[in-house]
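So the structure is just underneath, and the comments pick up after that.
The values are calculated or read from the model by the stated rules, or taken from the named source; none is laboratory data. Since this is a predicted model, take the numbers as computed values, not measurements. Cβ placement follows ideal geometry from the backbone for every residue including glycine, while neighbour counts extend to all protein chains displayed. Ligands, DNA and RNA are excluded from the accessible area calculation, which covers all protein heavy atoms including side chains. Shrake-Rupley method; radii C 1.70, N 1.55, O 1.52, S 1.80 Å.
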Amino acid sequence: MTGGTIVDPADNYFGPGAIVVKKGKIAEVIKSKKKDKGDIDASGKLVCPGLVDMHVHFREPGYEYKETIFTGSQAAAAGGFTSAACMPNTEPTIDNQETVKFVIQKAKEAVVNVYPIGALTKGRLGKELAEMDDMHRAGAVAFSDDGSGVQNGLIMRRAIEYCKMLSVPVISHCEYNDLAEGGVANEGYIASKLGLRGISRVAEELMIAREIMLAEYTGGFVHIAHVSTAGGVDLIKKAKKKNIMVTAEVCPHHFTLSDDLLETYDTNLKVYPPLRTQKDIKAIKKGIADGVFDVIATDHAPHAYDEKQLEFDYAPPGMIGLETAVGLVSTELVRKNVIDWLTAIKMMSSTPACILNIPAGKLEAGAPADITIIDPECEWNVAEDDFKSLSKNSPFIGRKLVGRAVRTIVGGKTVFEI
Ligand SMILES: [Zn+2]
């Protein structure tokens with residue numbers, strides 16, 4: 001692979017070079033101008049370590065009509081991702097060794113690497129810790145009750161302590177149910193105007209504050225998922241200044257879309273945590289620029305067409321995100337000078353790989369040949385028919401984006417190409 005710009009965040013390298021792949025592994029990375037002829041000409045393109053999405057919902061077992069591990073992996077490949085970690089809110093819940101094993105078995109047929117995340121509590125009910133040790137031994141890379149916050153502080157404390165012992169991250173979905181009051185949109189002007197029940201920002205921020213304090217108190221490590229508010233950015237920034245072991249993740253929809261779009265009543269805009277205001281987007285972007293956020297993850301959440309054809313109140317929350325992530329990062333962050341490509345790729349490959357402790361995110365001899373080629377200038381329109389995901393619930397359909405993954409290579413094999 002020659003002619004492209006090598007982007008290697010692990011080595012802080014952004015420049016010319018070539019990659020030699022042998023038997024599914026990277027044999028050599030040449031970081032110099034020397035021109036060789038290769039099988040793949042990547043001229044004008046970025047050659048990156050395969051992207052890692054540490055927050056997706058592949059819906060199997062239980063909701064195969066929305067997405068399967070196989071179709072989800074195809075969507076991941078089409079988005080430039082070579083590894084994805086899937087959340088446990090399936091039916092049955094991934095809260096035991098057998099279900100972890102089932103996911104790992106299914107992952108063998110997937111076109112990208114798929115890693116299971118186990119539930120923190122049995123049935124994700126927040127009452128009793130799940131068998132984390134067993135699940136970890138079976139291959140769970142992290143633990144989370146994603147989809148809902150763990151309401152009980154003592155349970156969360158024990159979970160953090162347990163995960164500390166296992167040296168795996170706790171991923172926290174921050175939301176207090178009693179404060180969210182069954183809301184469906186950001187509490188504020190737009191929600192009142194449209195007659196939608198509001199979710200206050202304090203419902204999210206109070207739990208972020210709790211997780212930070214618990215991480216400090218226990219010496220454990222917590223990864224805060226999908227931060228949506230300016231106040232959340234602030235809390236994490238302060239925690240990091242105190243060297244508390246927290247990392248934070250942001251989703252493309254939270255730095256791109258604000259709640260005033262809800263005037264369309266498009267149920268694809270219903271997500272948890274909800275889309276907030278322009279002010280929050282500004283703070284989130286500032287947080288990304290300042291390094292408050294470690295990871296960009298999609299929270300890819302497929303739902304069938306008729307499920308989203310309900311009133312806003314009743315439609316399930318979530319939008320798909322794997323196939324639009326690179327385009328949104330490029331269009332909204334890199335082209336608007338929030339961050340450069342090196343930082344963007346770091347947040348989408350080496351850092352999530354490091355948090356999950358999985359063999360990814362590195363361009364070095366001996367590493368699996370998981371490589372993503374991005375055309376940063378590719379102009380394209382998001383089209384429903386192009387989605388590889390089994391579901392099409394994206395509010396970005398029809399949007400023009402600049403920048404796209406054009407080739408995805410997993411273990412030396414091309415699994416997606418435009
Ligand atoms: Zn999620």
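Brief remarks follow.
- Across the range 17-60, the number of residues qualifying as closer than 19 Å to D370 by Cα, within 16 Å of the ligand (Cβ to nearest atom) and not in a strand (DSSP E or B) comes to 0.
- So P88, is it touching a residue at least 24 places away in the same chain (Cβ under 8 Å) and within 16 Å of the ligand (Cβ to nearest atom): yes
- A count restricted to the range 61-74 and to residues that are more than 15 Å from the ligand (Cβ to nearest atom) and either assigned to a helix (DSSP H, G or I) or on the phi < 0 side of the Ramachandran plot (or both) stands at 9.
- Subset of the range 297-334 (residues that are open to solvent by 10 Å² or more (accessible area, probe 1.4 Å), assigned to a helix (DSSP H, G or I) and either more than 30 Å from E64 (Cβ to Cβ) or aliphatic (A, V, I, L, M) (or both)): T331, E332, V334
- The residues of the range 92-108 that are in contact (Cβ under 8 Å) with a residue 24 or more places away in the chain, over 18 Å from E161 (Cα atoms), assigned to a loop (DSSP other than H, G, I, E, B) and of a type outside the set (A, V, I, L, M, F, W, C), listed by number, are P92, T93, N96.
- Selection of the range 204-221 for residues being of a type outside the set (D, E, K, R) and more than 16 Å from the ligand (Cβ to nearest atom) yields L206, A209, I212, M213, L214, A215, Y217, T218, G219, G220, F221.
- Within the range 257-296, considering residues that are among the aliphatic types (A, V, I, L, M), more than 16 Å from P317 (Cβ to Cβ) and free of Cβ contacts under 8 Å to residues at least 60 places away in the same chain, the one surrounded by the fewest Cβ atoms within 10 Å (Cβ to Cβ): A289
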